[in-house]
Amino acid sequence: MPAPLTLESTVAEWLDHPAGGPILRGVLEDNGQSPALLTAVRHFTMSRLVEMSGGRIGADELERLAAEANAAAGVSPDAPRPAPAPRWQERITQGRFAGSTVIITGAGSGIGRATASRVAREGGRVVAADIAQDRLDALANELDGHEVVPVRADITREDGVAAILAAADGRADALANVAGITDSAVPLHEVDDELWQRVLDVNLTGMFRLTRAVLPLMMAAERGSIVNITSEAALRGSTSGTAYTASKHAVVGLTRSAAFMYGPSGIRVNAVAPGGVATGIEGGMSSTMGRERLEPLLATLPTIAEPEHIAASVAFLLSDDSVNINGALLPSDGGWSVQ
Ligand SMILES: NC(=O)c1ccc[n+]([C@@H]2O[C@H](COP(=O)([O-])OP(=O)(O)OC[C@H]3O[C@@H](n4cnc5c(N)ncnc54)[C@H](O)[C@@H]3O)[C@@H](O)[C@H]2O)c1
């Protein structure tokens, strides 16, 4: 007799359930989507999928499907459920960033937010920069009692960069360049100048400008760690549109050049390339050609990570634990890049 399905059951439990599996696959097929898309989220609970979908998947509808599946399998919804499988847990290294000021962009959401939270809880003073004030307010609220300096700043503008530097107050032990935007998966011949400029401005030029402003502080201190967020899109041409892919490849060049130039000054510069991550980033595909070309590859994603998974990689590279690592490009993608 199978265990009852609920919103706290994982996607894998639903798919492997004798009645729930066919129901879930049927719903996807009715919506013109391939059940293969669920492979990368097998470990998520249904309630996490509801949260991630931003309203596209309704909790009520899933409750109804669970009741239908349980009835078809003859299982009481109150029957005992197996204990959940052990999951990865973030383990805080107490005091790893004590005495350090760490600037983090894109700190209001997703990977930046998870990194800001981790660094603050490990004792760092976090200069948390984002363009969105409401997100910064929520972050500061969540990290009440920790040292967080929220800065509303657009990294593409010189006044934004200046505001971040002012908040750093003459000290920058580490910098995580996380803020970034996507490009709706548009192939080259459909990219207009505005999209090109916006994506390059945020993903590359903003990172360049802020790093240029922060480096003198690190050079004077003869130490520093910079982590630039690139993407799986820096490792292949088949995950995103042309502007995003070009910007993320360029981030690797910026990282390697700076690592080479400033290594002798005690400054390490590394890059992290996340695969798929469950964040608030815009994931839409506005181009038919882009969608048709990219969707088959996206279905091969081994797993979608939580922002905290990527923050663990970023925090390692920001910290002294990565003392001997400079100029590295670290895929944090569940192994996607070796497929
Ligand atoms: N989510 C993924 O699947 C994924 C995969 C690979 C790489 N990445 C990269 O990770 C980084 C973070 O993405 P995320 O998924 O956490 O996205 P997100 O949208 O959840 O967070 C990005 C944050 O950056 C902020 N931001 C955007 N433009 C800014 C600007 N001009 N100045 C200051 N802040 C700005 C946004 O307000 C937002 O809070 C990006 O560089 C993205 O390209 C994400």
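The values are calculated or read from the model by the stated rules, or taken from the named source; none is laboratory data. A quick note: this is a predicted structure, and the numbers were derived from the prediction, not measured. Heads up, the Cβs are rebuilt from the backbone with ideal geometry, glycines too, and the neighbour counts pull from every protein chain shown.
A few remarks follow.
- Residue, nearest to the chain's Cα centre (by Cα), within the stretch 277-299, restricted to residues that are among the polar types (S, T, N, Q) and away from the ligand (no atom under 13 Å from the Cβ): 286
- Selection count, the stretch 267-305, where residues are part of a loop (DSSP other than H, G, I, E, B) and either of a type in the set (Val, Ile, Thr) or in contact with a helix residue (DSSP H, G or I) (Cβ under 8 Å, 6 or more places away or on another chain) (or both): 12
- Single residue of 302, 274 found to be within 16 Å of the ligand (Cβ to nearest atom) and surrounded by 21 or more Cβ atoms within 10 Å (Cβ to Cβ): 274
- Residue within the stretch 223-246 that is over 30 Å from residue 292 (Cα atoms), within 16 Å of the ligand (Cβ to nearest atom), assigned to a helix (DSSP H, G or I) and of a type in the set (S, T, N, Q) present: no
- Number of the exception - residue 247 against (1) crowded, with 21+ Cβ neighbours inside 10 Å; (2) touching a strand residue (DSSP E or B) at 6+ places or on another chain (Cβ under 9 Å): (2)
- Residue count, the stretch 278-293 (criterion: under 19 Å from residue 199 (Cα atoms) and not polar (S, T, N, Q)): 8
- Taking every residue in the stretch 295-307 that is under 14 Å from residue 339 (Cα atoms) and pairing it with any residue that is aliphatic (A, V, I, L, M), at least 6 positions away or on another chain, the pairs with Cβ-Cβ distances below 7 Å are 299/36; 299/37; 301/40; 302/40; 303/40.
- For the stretch 129-157, the set of residues classified as more than 10 Å from the ligand (Cβ to nearest atom) and either in contact with a Leu (Cβ under 8 Å, 6 or more places away or on another chain) or not assigned by TED's automatic domain parsing to the domain that holds residue 173 (or both) consists of 148, 150, listed by residue number.
- Pairs, first on the phi < 0 side of the Ramachandran plot and of a type in the set (A, V, I, L, M) in the stretch 107-134, second away from the ligand (no atom under 13 Å from the Cβ) and part of a loop (DSSP other than H, G, I, E, B), C-beta under 6 Å, six or more apart: 119/97; 120/143; 120/146
- Residue list for the stretch 6-28, restricted to those being over 16 Å from residue 60 (Cα atoms) and among the small types (Gly, Ala, Ser): 12, 19, 21, 26
- Residue among 71, 40 that is touching a Ser or Thr at 6+ places or on another chain (Cβ under 7 Å) and among the aliphatic types (A, V, I, L, M): 40
- Test: residue in the stretch 12-25 that is under 24 Å from the mean Cα position of the chain (by Cα) and modelled with pLDDT under 95: yes
- Within the stretch 202-221, the residues that satisfy the criterion of being surrounded by fewer than 19 Cβ atoms within 10 Å (Cβ to Cβ) and within 12 Å of the ligand (Cβ to nearest atom) are 205, 209.
- Any chance residue 57 is modelled with pLDDT under 95 and either assigned to a loop (DSSP other than H, G, I, E, B) or more than 16 Å from the ligand (Cβ to nearest atom) (or both): yes
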